[in-house]
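The values are calculated or read from the model by the stated rules, or taken from the named source; none is laboratory data. Note that the coordinates shown come from a computational prediction; the quantities given were computed from them, not determined experimentally. Cβ sites come from the backbone with ideal geometry, for glycine too, and all protein chains shown count toward neighbours.
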Amino acid sequence: MSTDGTTPNIQLGDYIVIQRQKYTKLQKFGSLDTTSTLGKETLELKSLLDQPYGSTFKMCVKETKTGKRGAQRQHTLELCSDTELRSTREVLGISSSGADNRDICDNGEAQALKSSDIEQLREACNESSKIIEKLVENSKTFHTRTEYSQEKYLLKKEKKYFEYVQIRQPTIRLMVDIFYRQDAEKIMGIRVDTLSQIISYSGVCGFGSYLLYESGTNGLLPAAMMNSIGAGTEGTLVHMHPGNVPQKQALLALKLPLEQQKRCVSVNLYSVLREFYQGNVAPSIDQTEVEAEETLPETPNEEQPEAVEPSTKKPKLDEAPLSGNNKGLLRWQIENKRASALMHGKFDSLVVAAKEHPSSILQALLPLVRPSRPVVVFSTCKELLQETYMELKTSGKVTALHVTSNWLRTYQILPNRTHPEVNMSGNSGYLLTGFTLK
Amino acid sequence: MSTDGTTPNIQLGDYIVIQRQKYTKLQKFGSLDTTSTLGKETLELKSLLDQPYGSTFKMCVKETKTGKRGAQRQHTLELCSDTELRSTREVLGISSSGADNRDICDNGEAQALKSSDIEQLREACNESSKIIEKLVENSKTFHTRTEYSQEKYLLKKEKKYFEYVQIRQPTIRLMVDIFYRQDAEKIMGIRVDTLSQIISYSGVCGFGSYLLYESGTNGLLPAAMMNSIGAGTEGTLVHMHPGNVPQKQALLALKLPLEQQKRCVSVNLYSVLREFYQGNVAPSIDQTEVEAEETLPETPNEEQPEAVEPSTKKPKLDEAPLSGNNKGLLRWQIENKRASALMHGKFDSLVVAAKEHPSSILQALLPLVRPSRPVVVFSTCKELLQETYMELKTSGKVTALHVTSNWLRTYQILPNRTHPEVNMSGNSGYLLTGFTLK
Amino acid sequence: MSFLKPKTHIEQGDIVILYLSVNSMHAIEAVPTIVNKKGETIQHIFQTNYGSLKVESIIGVEYGSRVELSKGWANVLQPTPELWTQTLPHRTQIIYTPDISMILHQLEVRPGAVVIESGTGSGSLSHYFLRALKPTGHLHTFDFHEARADQARDEFKRHGLAAFVTVYHRDVCNLGFSSELDGAADAVFLDLPAPDLAVPHAFKALKLSGGRFCSFSPCIEQSQRCIQELTKLGFNEICSMEVLQQESVIKTRSLPVVDLEFLKSPKTNETTAQTTPSAEESKTPKELKKYLTSSNPQTLPGHTGFLTFATLPPNIPKA
Amino acid sequence: MSFLKPKTHIEQGDIVILYLSVNSMHAIEAVPTIVNKKGETIQHIFQTNYGSLKVESIIGVEYGSRVELSKGWANVLQPTPELWTQTLPHRTQIIYTPDISMILHQLEVRPGAVVIESGTGSGSLSHYFLRALKPTGHLHTFDFHEARADQARDEFKRHGLAAFVTVYHRDVCNLGFSSELDGAADAVFLDLPAPDLAVPHAFKALKLSGGRFCSFSPCIEQSQRCIQELTKLGFNEICSMEVLQQESVIKTRSLPVVDLEFLKSPKTNETTAQTTPSAEESKTPKELKKYLTSSNPQTLPGHTGFLTFATLPPNIPKA
């Protein structure tokens, strides 16, 4: 979404979303040599440069290496027009289908092509529709299958041989899907519905000062909150984390304007609390040592190590009203002072998404929140929220307390085949919400 | 369901299900003077005698008493043919309906008839369709409403003025609906899906010897198990309860043949365990005193006090192989001895539905179950089953342990208006299931 | 004016949430006097289950404070869209926070977004859109019911949100969204009985660079027809879902634990003769153990509506 | 023969459930030898993840016992329909215990009942019907796929259930349930792609005294058409539902509890200089507390099928 209705172009250094059918992946387009791997396909990304986001590219086989796990193909990408994309079904013009499967015997000999034939075919043809056409031609049972069964077969084959990818600009919506699908634990199991409700219940928007503690979501939570705070607004976020350096991948992927980036202050929970309560503590080691340590993220993210680099290498400006003698301070100390100033000014909302028991964290952070402000606590463990609920209720400091979770049911809506999806995600996590009192 | 396909007739002493549209009620047809109250309508039941189950009767107003809560009407019942029952909508032949409700202003003055007019109309007309026709005629907005809104209005009015009742034979299916709707707590919150699964997981059927402990379900659980054990089979049930006398309403309502009734042995948990472990304990008080005490059920059921009488008044035969000197023993002592004999023979399944912590009950009863037999424990409190699960898992005496609960979603399926029902029951309770090991 | 941004003290004219308990809260306007049915200006007294509140007394009070009622007390909270949704005057069926949160997320609404909504209804969702898109975006909201559109327009003004919203009285199924909005929207939301009729208008209203679409329908047939239309017009990423929030009821329960072991050996005190089963029971050692438990409420929302989302890809020619 | 009634010891020919773990169990036939692909009679050795089992060794063993495998052990259980459903050879998609339990309950199946089922499929549901209706009732089960009907017939015989079931190879949508069954059934169950076509046959097959009907359909459109047909023929008490069972994963979790109070006052031991945020963390008092927790599995069954139930009232004329 861009405000002026034009589509921005893909730049070096951008995080991009690569989509192949329903599969999506977040990738840093770091240099012209960057490649990206989708299963057995490796894509050279250089031709993406300066093309508009939303474009579709055709995967063109450049070379095939035979590895241990079968053929690994290297592809270049070729920008293509949208009209090139047609439904394979339409192309093949399949029409005759059986009424039911009463005459099908499942003896594993339905496909006349051997797997070596198929592999050859694949190297020869560049178009998935041609490959699928051949497969259908050589299937003994395809035309006796029901239409439903044919469709299932074609979808399966299309998925395997589909040769187009679309490049999209990362958004919170696309990223939570990717992160949750790839490894939900890396975003603490925060499902899309729960994320959407954290944003609502916290009230985060273009006005106000917000406080977040999270123990590691690949940057998803601070990114979602900064996204709601918006560009060119007056909202600010203090983002507390338990680690050495904050996880910021999702935040970087949003490519926010610098003025907006500056309104997100990421600090270590313990360190900033000490700063807040005890004021200036003199630094006692040299910068080199710190930077060396800082390159180790709290939760090592092996898949996308690029995620961490920019946050540690890029210099960050300090805008908070400080006493002036910031020279000589380490970056984390400057950030601590900025956060501390915001903490003294108090917050308009508190969000806690902790792997730890939220109780002691709330005890430390609730005094920093103004009265009549929302509090949202996320945990995957209901038992912890139960205890926290009882403590808050007894304390009388927070009212309108609720513990909630969700069912998220997705539907297949197709003519004559409408039903809820056969599998559903079992865990939304739990939210404890309420409002602070004076 | 009768095995020979003929419909039995309604007899004095029967429990009957009275149905008025979707409302159902369990009622004992104790004598010809029995009346039954449905909201503001009182029905004289005498004309039901000897009519076949499944018949529909018309409510004919006999007199109207003006009470504190408006008019209370006394009705006689008149057997009527099925063809008399037509959809009110059809009778009224309503066709013109608005496309949407944009022009409806809700000012509370849509109905020209005053409530006193309606009351008069009601006494004059014996047919709900006539009353509704008048209401529709006098409604200023009915014909501008959407078809959906018209339908809703008609259904609401039909419900209020509907003048037919159907008399049905009680079955487990009808009773669990009635009990759950009227007061789910009286059947320990056992919902239909959970009941159905208790029956499945326990494996109760026409063969074998079954053990049930329940702390009060109006007789629903022993009735459901006896229903699955069946008439003319060799299955037996020992039904343990914590109270003075067992709750048996649902069991009596099934009107099982005597031979089948005898295969259900109801005993007090503590008393029968003492009998089992310590053998003959001499009775020391006279029978009169016991009977006086026995008429007090454990959980007083004020709505349907008839429920208890038959179990205390009706003599019960003893079939278990006893030492022969049963004369002089009180009925509960005879039952204890029969149950004790079955306990020594061990059981083919154990069902526990307890308000108490199931753990100590399982410890006492599990040794009475043969190896490779199902165990099913119901509780409304998941935390208790969690503890029990861990104990059983650690003990190694029960395998294939699962704790489950259900969502039960009912659907409205109507042309162009298909959706899950707007409200759903939140609690199925929890089941812990497993199989005993040697 | 209390919906624009977080504020600390109640000012005259603010909407204030009077919070009595989880099941009892009210939205009241912080004005010292009101006009009664007879047209007379009278003191603004608000009645609750815990007695009355002289509304004038809360002006100047800090949000989050406790205020005294004649027979009890309550807390005054600054309204949020969440609290407003639970207290607003219903002019129509409304959508609640769980669905709304998903709608905002899926429509990618953030400051600067231009959003089209139809119908306005009771303005429940509108308030969420406005929080998310202000101060740099704009909401265009349509209702075919004139009184409702007028009420909504007036409400947004009183809530301090007028600068970010335009309310239209218009039948969008037949007339579309007005040509000034062609290619202007980042997102379109429909809550209409026949959403399929409005899909072509949504298609026209979305930006050439693409955008997101959502339709909320209680019945599956509406979603089915809507999806047919979306597919025909080249929308993709079409998906339908339901979000059902369930609350956990948390309480400490005292649950009985029975001892049955003692039954295995004869009673030590045999002077009390064994009598009836019931006599047995009263002598049974039964202790109560406390558990912090969580359970579902008796009744849950079983269905609110089907949410259908779709993407209009960039650069689709619009004829 | 192990499906007829509860038994204590494994006899030759029994189907036995070899239970290794929650996710691993197998149904095996307790026979000392089997015939291999080449037609040779060989010793029956069963391979598991915990090594092999010489099947002959379990004959005569008490059900519920532990048996040794070459690399571990397992328990032998007598099959129940529940265990069978989890281990049977799938010839079709099958229905599982939560739906089946509701079907049996709603169809009011008990000993003596006459039940019609179509299609037979893999026989998962049939075994439940048979447990519920034997020894005095009868199951008539139909499948249009000849091999499946034959396999099912053979299976019921080997399971000791042949006396209570008749298996038909027949296309019931087009040909109905055979005229001998007219007015014979207490309950009819349909699991067919076009249940509406079989509803008139169900109507004919139910007793004059009435009976119960169930159709299981994965898609809502099938239920919609089925209900139209049921309504037309005078069925009542029509209702549709889904039953979704969710398992609770119970485990003891050790969860970190942090102490932040100490940060409010200067460190007592100031000899260790404060260095980096990370150095801070390593010195933070963090204890682990144990919780007995319950959670949902990552993936739940989101949909199995819609169950539609109806009653045929007594004395409906059938010509």
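Among the residues of the range D:34-76, those that are of a type in the set (A, V, I, L, M, F, W, C), touching a Leu at 6+ places or on another chain (Cβ under 9 Å) and either over 27 Å from D:Leu4 (Cα atoms) or within 12 Å of chain B (Cβ to nearest Cβ) (or both) comprise D:Val67, D:Leu69, D:Trp73, D:Ala74, D:Val76.
Restricting to the range A:387-438, give me the number of residues that are surrounded by fewer than 19 Cβ atoms within 10 Å (Cβ to Cβ), charged (D, E, K, R) and more than 25 Å from C:Glu242 (Cβ to Cβ). Total meeting the criteria: 4. Among residues of the range D:291-304 that are facing another protein chain (nearest Cβ under 7 Å) and part of a loop (DSSP other than H, G, I, E, B), those with a beta-carbon under 6 Å from a residue that is buried (at least 20 other Cβ atoms within 10 Å of the Cβ) and not polar (S, T, N, Q) at least six positions away or on a different chain give the pairs D:Gly302/A:Pro420; D:His303/A:His419; D:His303/A:Pro420.
Based on this model, can you work out whether A:Tyr213 counts as hydroxyl-bearing (Ser, Thr, Tyr), touching a residue at least 60 places away in the same chain (Cβ under 8 Å) and either in a helix (DSSP H, G or I) or more than 13 Å from chain C (Cβ to nearest Cβ) (or both)? Spelling it out, A:Tyr213 is indeed hydroxyl-bearing (Ser, Thr, Tyr), touching a residue at least 60 places away in the same chain (Cβ under 8 Å) and either in a helix (DSSP H, G or I) or more than 13 Å from chain C (Cβ to nearest Cβ) (or both).
Candidates in the range C:230-244 are the residues that are surrounded by fewer than 21 Cβ atoms within 10 Å (Cβ to Cβ) and of a type outside the set (A, V, I, L, M, F, W, C); of these, the one that is farthest from the other protein chains (Cβ to nearest Cβ) is C:Lys232. Here the range C:224-262 is the region considered, the condition is being out of contact with any helix residue (DSSP H, G or I) (no Cβ under 8 Å at 6 or more places or on another chain) and assigned to a helix (DSSP H, G or I), and the residue that is farthest from B:Leu269 (Cα to Cα) is C:Lys232. Restricting the range D:305-319 to residues that are aliphatic (A, V, I, L, M) and touching a residue at least 12 places away in the same chain (Cβ under 8 Å) leaves a set whose member that is nearest to the other protein chains (Cβ to nearest Cβ) is D:Ile316. Does C:Gln12 count as away from chain A (no Cβ under 14 Å), over 29 Å from A:Arg370 (Cβ atoms) and either under 25 Å from the mean Cα position of the chain (by Cα) or not in a strand (DSSP E or B) (or both)? No; evaluated as a whole, the condition is false for this residue.
A count restricted to the range C:45-60 and to residues that are in contact with a His (Cβ under 7 Å, 6 or more places away or on another chain) and more than 13 Å from C:Ile17 (Cα to Cα) stands at 2. Close Cβ contacts (under 6 Å, 6 or more residues apart or on different chains) running from residues in the range C:178-192 that are within 10 Å of chain A (Cβ to nearest Cβ) to residues that are part of a loop (DSSP other than H, G, I, E, B) comprise C:Gly183/C:Lys207; C:Gly183/C:Leu208; C:Asp186/A:Met1; C:Asp186/C:Ala113; C:Ala187/C:Leu107.
In the set D:Ile34, D:Ile58, D:Ile45, only one residue is in contact with a Ser or Thr (Cβ under 6 Å, 6 or more places away or on another chain), surrounded by 12 or more Cβ atoms within 10 Å (Cβ to Cβ) and of a type in the set (A, V, I, L, M); that residue is D:Ile45.
Of the strands (runs of 3 or more DSSP E) lying entirely inside the range A:2-81, the ones with 1 or more residues being closer than 24 Å to C:Ala187 by Cα and at pLDDT 90 or above are found at A:15-20, A:23-28. Only one of the numbered conditions (1) assigned to a strand (DSSP E or B); (2) more than 9 Å from chain A (Cβ to nearest Cβ); (3) touching a helix residue (DSSP H, G or I) at 6+ places or on another chain (Cβ under 7 Å) is violated by C:Leu197, and that is (1).
Among the residues of the range D:117-137, those that are within 14 Å of chain B (Cβ to nearest Cβ) and touching a helix residue (DSSP H, G or I) at 6+ places or on another chain (Cβ under 6 Å) comprise D:Ser124, D:Leu125, D:His127, D:Tyr128, D:Leu130, D:Arg131, D:Ala132, D:Lys134.
Within the range C:179-200, can one find any residue that is assigned by TED's automatic domain parsing to the domain that holds C:Gln106, within 25 Å of A:Leu414 (Cβ to Cβ) and acidic (Asp, Glu)? Yes, because at least one residue in the range C:179-200 is assigned by TED's automatic domain parsing to the domain that holds C:Gln106, within 25 Å of A:Leu414 (Cβ to Cβ) and acidic (Asp, Glu). I need a count of the residues in the range B:183-201 that are farther than 18 Å from B:Tyr213 by Cβ and either at the interface with another protein chain (Cβ under 7 Å from one of its Cβ atoms) or touching a helix residue (DSSP H, G or I) at 6+ places or on another chain (Cβ under 8 Å) (or both). Adding up the residues that qualify gives 5.
D:Pro79 meets each of the listed conditions (1) surrounded by 21 or more Cβ atoms within 10 Å (Cβ to Cβ); (2) at the interface with chain B (Cβ under 8 Å from one of its Cβ atoms); (3) in contact with a Phe, Trp or Tyr (Cβ under 7 Å, 6 or more places away or on another chain); (4) not hydrophobic (A, V, I, L, M, F, W, C) apart from (2). Within the range C:54-61, is there a residue that is more than 20 Å from A:Ala400 (Cα to Cα), of a type outside the set (Gly, Ala, Ser), modelled with pLDDT of 95 or more and assigned to a strand (DSSP E or B)? So far as the range C:54-61 goes, yes, one or more of its residues are more than 20 Å from A:Ala400 (Cα to Cα), of a type outside the set (Gly, Ala, Ser), modelled with pLDDT of 95 or more and assigned to a strand (DSSP E or B).
For the range B:250-267, the criterion of being without any contact (Cβ under 8 Å) to a residue 12 or more places away in the chain, within 13 Å of another protein chain (Cβ to nearest Cβ) and over 18 Å from the mean Cα position of the chain (by Cα) is satisfied by no residue at all. Check the range D:92-99 and report whether any residue there is in a strand (DSSP E or B) and not hydroxyl-bearing (Ser, Thr, Tyr). No; the residues of the range D:92-99 include none that is in a strand (DSSP E or B) and not hydroxyl-bearing (Ser, Thr, Tyr).
Is there a residue in the range A:231-243 that is in a helix (DSSP H, G or I), more than 9 Å from every other protein chain (Cβ to nearest Cβ), in contact (Cβ under 8 Å) with a residue 24 or more places away in the chain and buried (at least 24 other Cβ atoms within 10 Å of the Cβ)? No, the conditions are met nowhere in the range A:231-243.
Put simply, of B:Phe347, B:Phe378 the only residue that is among the aromatic types (Phe, Trp, Tyr), assigned by TED's automatic domain parsing to the domain that holds B:Gly235 and closer than 22 Å to D:Glu62 by Cβ is B:Phe347.
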